Each structure stands twice: as C-alpha cells, then as structure tokens.
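In what follows, a single structure is set out as structure tokens and then discussed.
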C-alpha cells in the first residue's frame, strides 16, 4: 500500500513544517516593510522633489482622496512618535536667542533709524512650552546693504501647549520700505488660457538689484481652485469665501475674505487666494475650533505638518510671514495672532513647499539665495532668480523710490 502523501520517512507531517516557517516569513515581511517605510520617509524629507513627484504620480492613478488619507495616516503616526520622543525635550528652536536688551528697553522697542514700523515684543501664548527667544524680534541683516536700517525681523513662537516641538518662525516685514510682489509659476496655478510667456516663474531682471527675499505661494489649482490674478491675467477666477491676499498698485497689501474686498479690485495689481482666512479682524476662524478641515485639500487642518501663512497687522504697516513646523491650522493661526497678525491667510503646506529664502549677491553681482529662514529647508541658490519655479511665489524688494 502507498504511504500517505502527508507524511515522510521521519513521520513528521509536511503541513506543520510549512506552518513553522510562518513566523520567520512574518518577521522578514515586517523587516522589509519597515525598511520600505523608512526609505520612503527619508526620500520624502531628504530627497528634493521626491515627495511631490511621488504624491502627484500616485494621485494621477488613484485620485486625490486615497493620497490624502495616506498622508493623514503617515503624519498621524509621525506625530505620535514625536510626542513620545520629545516628551521631556526643551522647546524646539531655530536659532540662538537674541542678547538681552539694555535695562528698561524691551527687545523690539529700540529706536531704529528711518523705521516707522519696528515690531513690538509679544507675549508667548503658552509659557510652559515657550523658549527663551519667543516674542523677541531679531533684525535680519541685508547682505546687499548691511549698513541700512533693518526692514525684516524674525522671531519664534510655540503655539501648541501639547507639543514643545511645534514652533513657528515668523518674519516681520516693514511695508513702509519693502514692496511685496507676486509671480506666476511656469505650471501653477494651472490655467489653459494663460500662455507660457505670461508664466515666467522668475523674479524680473529689473528687480534683481533690490531683491531681499522670496517665499512660497499658495495651493496648486487642483487643491481648492483658489483664484489668482496678476497684471490683467486671471489664472483662476476668485471664490467668494476664499481668503485673499490683495496687492494694490499703491504698494499697500490687504488680507481678507473676497466677498468683503472685491469692490476694490480695480485698485489691485493682483491677488492670490487661499482657504478661508485663519484669522480675520483679530479673531480665529470659528471652524478652527470645530471641524478644522478647511485648510488643506491634501491634508486636513488637523494634520500636524509643516505649514506656512501670511499675515498683516491692524495698521497694514507690518506684514508677517510664518513657517510652522509640526503645526495644525489652528496652532498656526494662534502663533501668527500672538506675533501680531490681525488678518492671516494660510499659504502652502507639506514638507517640500513652504520656504523663505534670503538673497545675497554672487560673484557676477546677480542675486543668489544664500540662506533659509529655518535650517531644515532644502534649496538651490538659483531658485526664483535663475531656475524658474513651477509654482507661484512672492518676493520682497527694498523700496528705493516710487513703485514701478
């Protein structure tokens, strides 16, 4: 009689031996998955352009919803790990705190020649997570005109009492001596009606001599279809409920909901829209305390990620750019308000896009990006001035006379 196929000379059944290999296979699979996840995380955060290319590629295949879900999950895991890792760590800082001011003078109160808009020191919103430099404004030197009075200052604010590693670097900009300009990217915001020659993606050559800094614009067109108009070209039509950064021909800037400021469009040189204003009239948007999901088409407003914003003080004389690490839409709003912003628009989000670059002059006397506002931002010296940007951006010019 033939022997049963389920056994062999040793008398041990084959199926249990296969089962015995299952833990080993599971461990190998887990190790491979861990390596893949770590490699993916490294690529997204350290390899320039990898994250956006990956997200766009996957989004083109499966659509935006699964990608948004995956991003929310990934950032949620990262946040929980960071909360455990930095539970007892000191608050995150981006630079050494400023030296103490002279007795009786608060930092930011010192008289500055020619300046009418030097920022005032502000109180950190949560003392238990504040660092030494929170609320202290440090002048940012101009590499081209080092002897001129400051027109930019930087400070830090920790706006999340649960996360000492959540921090917002804020730049205050004196609009009395600085012009804010907008440039369309070579690809974004997407519009089939605007020819390529109207999409330079570069700071104009005529402004190279006065260039101080450049920073990111808003969301891609597919993420909300927020409006943009510049030099008579309407890239995307305005949305009534969208927060709008309006640039006036006089050089003034206003931030507000479009339905409230659209009557002033004839006086505008251009505008860029974003999700609903984070802060308007000095008050946080009510939805930030509720659903908190209106501030990111790719990730929800509750997702803890890198975010950026642009704000304006109540006088319209000080502009604020904020770059927040590990913040939600609400904590970014709280940080910007604490720094002095009365109206705030959220700009782009995610690790790859927010950036504030400061410019110096190269060997050929042409402007080159010399440094970033915070250390963990990858950039090329040629960005915005030699290498065209596929996405819209803003830049700052030291004002030397009448606006042109």
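In table form, for the structure just shown:
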{"quantity": "Any chance residue 369 is over 15 Å from the mean Cα position of the chain (by Cα) and at positive phi", "calculated": "no"}
{"quantity": "Exclusive hit being in contact (Cβ under 8 Å) with a residue 60 or more places away in the chain, assigned by TED's automatic domain parsing to the domain that holds residue 393, in contact with a helix residue (DSSP H, G or I) (Cβ under 7 Å, 6 or more places away or on another chain) and farther than 20 Å from residue 340 by Cα, set 249, 254, 272", "calculated": "249"}
{"quantity": "Filter result for residue 155 (modelled with pLDDT of 90 or more and closer than 18 Å to residue 317 by Cβ)", "calculated": "yes"}
{"quantity": "Residues satisfying the stated conditions in the range 236-260, i.e. in a helix (DSSP H, G or I) and closer than 24 Å to residue 391 by Cβ", "calculated": "258"}
{"quantity": "Residue 213 being assigned to a strand (DSSP E or B) and over 22 Å from the mean Cα position of the chain (by Cα)", "calculated": "no"}
{"quantity": "Top-ranked residue in the range 167-188 [being out of contact with any helix residue (DSSP H, G or I) (no Cβ under 9 Å at 6 or more places or on another chain) and assigned to a loop (DSSP other than H, G, I, E, B); ranked as surrounded by the most Cβ atoms within 10 Å (Cβ to Cβ)]", "calculated": "188"}
{"quantity": "The lone exception for residue 296 - which of (1) farther than 16 Å from residue 168 by Cβ; (2) modelled with pLDDT under 95; (3) in contact with a strand residue (DSSP E or B) (Cβ under 9 Å, 6 or more places away or on another chain); (4) surrounded by fewer than 24 Cβ atoms within 10 Å (Cβ to Cβ) it fails", "calculated": "(4)"}
{"quantity": "Enumerated strands (runs of 3 or more DSSP E) restricted to the range 298-404, each holding at least 3 residues that are outside the structural domain of residue 198 (by TED's automatic domain parsing) and either more than 23 Å from residue 202 (Cα to Cα) or out of contact with any helix residue (DSSP H, G or I) (no Cβ under 9 Å at 6 or more places or on another chain) (or both)", "calculated": "none"}
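Results for (1) crowded, with 22+ Cβ neighbours inside 10 Å; (2) in a loop (DSSP other than H, G, I, E, B), shown as yes or no for each residue.
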{"site": "132", "(1), (2)": "no, yes"}
{"site": "141", "(1), (2)": "no, yes"}
{"site": "144", "(1), (2)": "no, yes"}
{"site": "153", "(1), (2)": "yes, no"}
{"site": "165", "(1), (2)": "no, yes"}
{"site": "190", "(1), (2)": "no, yes"}
{"site": "201", "(1), (2)": "no, yes"}
{"site": "208", "(1), (2)": "no, no"}
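The values are calculated or read from the model by the stated rules, or taken from the named source; none is laboratory data. Because the structure is predicted, anything quoted here is derived from the model rather than measured. Heads up, the Cβs are rebuilt from the backbone with ideal geometry, glycines too, and the neighbour counts pull from every protein chain shown.
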